[in-house]
1. If you place +1 on the Cβ of every Lys and Arg, -1 on the Cβ of every Asp and Glu, and leave all else neutral, what size is the dipole of the chain about its Cα centre, to the nearest 20 Debye?
2. Roughly how many nanometres apart are two label points built 7 Å out from the Cα toward the Cβ at residue 44 and residue 108?
3. With a cut-off of 8 Å between alpha carbons and a minimum separation of six or more residues, what is the relative contact order of the chain in percent?
4. So what are the chain's ellipsoid semi-axes, whole angstrom, largest first, if each one is the square root of 5 times an eigenvalue of the alpha-carbon gyration tensor?
5. For residue 36, what charge total do you get from the other residues with a beta carbon under 15 Å from its beta carbon, if Lys and Arg give +1 and Asp and Glu give -1?
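What follows draws every value from the coordinates through simple rules; no lab data is involved. All figures in this text were calculated on a predicted structure; none of them were measured in a lab. Backbone-built Cβ (ideal geometry, glycine too); neighbour counts: all protein chains shown.
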Amino acid sequence: QVQLVESGGALVQPGESLRLSCAASGNILSIYAMNWYRQAPGKQRELVAVITSDGSTNYANSVKGRFTLSRDNAANTGYLQMNSLKPDDTAVYYCNVRIPMLGNYWGQGTQVTVSS
């Protein structure tokens with residue numbers, strides 16, 4: 001059973017930074033991609049960023065240049081560094097790992113609020 005535990009969400013002012021963490025049980029990050037989604041109130045969950053097992057990254061246009069993914073395989077933890085935060089970034093952020101034949105796993109979500 002794969003478990004993903006997120007942390008790092010907070011209330012920040014526009015322009016500030018946050019780093020979200022997603023700790024995985026088991027050595028899966030060197031094998032599978034980690035996806036980050038977010039869901040704002042009243043909106044559908046959207047894919048924000050992906051880091052593959054070989055370290056390649058992709059970002060939604062809305063966060064490109066401001067958000068950066070990284071991964072520590074030894075610690076089984078993925079990170080989403082968010083800079084120059086905007087009110088539109090306010091959402092619950094989720095990490096996700098899809099493992100073929102086993103399942104689609106989600107973290108519990110962490111709230112990010114950007115407000116002055």
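1. Once rounded to the nearest 20, the dipole reads 160 debye.
2. The two pseudo-label positions are separated by 2.8 nm.
3. Worked out over the chain, it gives 36 percent.
4. 23, 14, 13
5. Net of charged neighbours comes to +4.
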